[in-house]
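A short worksheet on the structure shown next.
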């Protein structure tokens, strides 16, 4: 059975970003909403607002601005793939985004942070040479499918923000 090809979104980025957070591919819900981490049970946005001491909002433009105001960019390792459902384990026939081109266009990126194992595995598969050039950190997935307790996920993500010297 042939599955429909799905595509990721453009990056959320601006000049001066120091940190690039990479996911794998948006979930079905995220694709429907045209928003990164659009599933209401994904902890990415609530966690980010909490860590920066901000009140959570559903306003997607405010979500994007929160990241950009702290020099954090957001994108996916994969440009397109075929997938049944939302699980990363179901991804087949993947095509990577032009991360090399993005980093060349935004040379201030110092850190690459992976939101989960699939983004890290795909990055290593297509861009292993960049792992030698940038600081990188693999974090637990913020997806509800990854069953690590929310408190432990947040604790690990908080360490990243400290390492990256983001002022809160």
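Observations on the structure shown:
- Gaussian network model of the chain, Cα within-10 Å springs - most flexible of 83, 14, 154: 14
- For the peptides 17-28, 141-152, 125-136, the ranking by packing is 17-28, 141-152, 125-136, with the highest mean count of neighbouring Cβ atoms within 10 Å listed first.
- Centre separation in Å (Cα based) which lies between the range 60-114 and the range 123-138: 13 Å
- Length added when fully stretched, residue 128-residue 92, from 0.36 nm per residue minus Cα-Cα: 11.0 nm
- Using only the C-alpha atoms, the convex hull of the chain corresponds to 107 Å³ per residue.
- Of the residues 49, 123, 114, the one that moves most in a GNM of the chain with alpha-carbon contacts below 10 Å is 49.
- Straightening the chain between residue 84 and residue 100 buys 2.9 nm, computed as 0.36 nm per residue apart minus the Cα-Cα spacing.
- Residue among 59, 98, 88 with the largest mean-square fluctuation in a Gaussian network model of the chain, springs linking Cα atoms under 10 Å: 59
- DSSP bridge pairs, the range 5-163: antiparallel proportion in percent, nearest 5: 35 percent
- CD proxy at 222 nm, helix term only [per DSSP H run n ≥ 4: -39500 (n - 2.57); per residue of the chain; nearest 500]: -10500 deg cm²/dmol
Only the coordinates and a few stated rules stand behind these numbers; no lab work does. Not measured: the values here are computed from a predicted model. Counting neighbours? That spans all protein chains shown, and the Cβs are built from the backbone with ideal geometry, glycine included.
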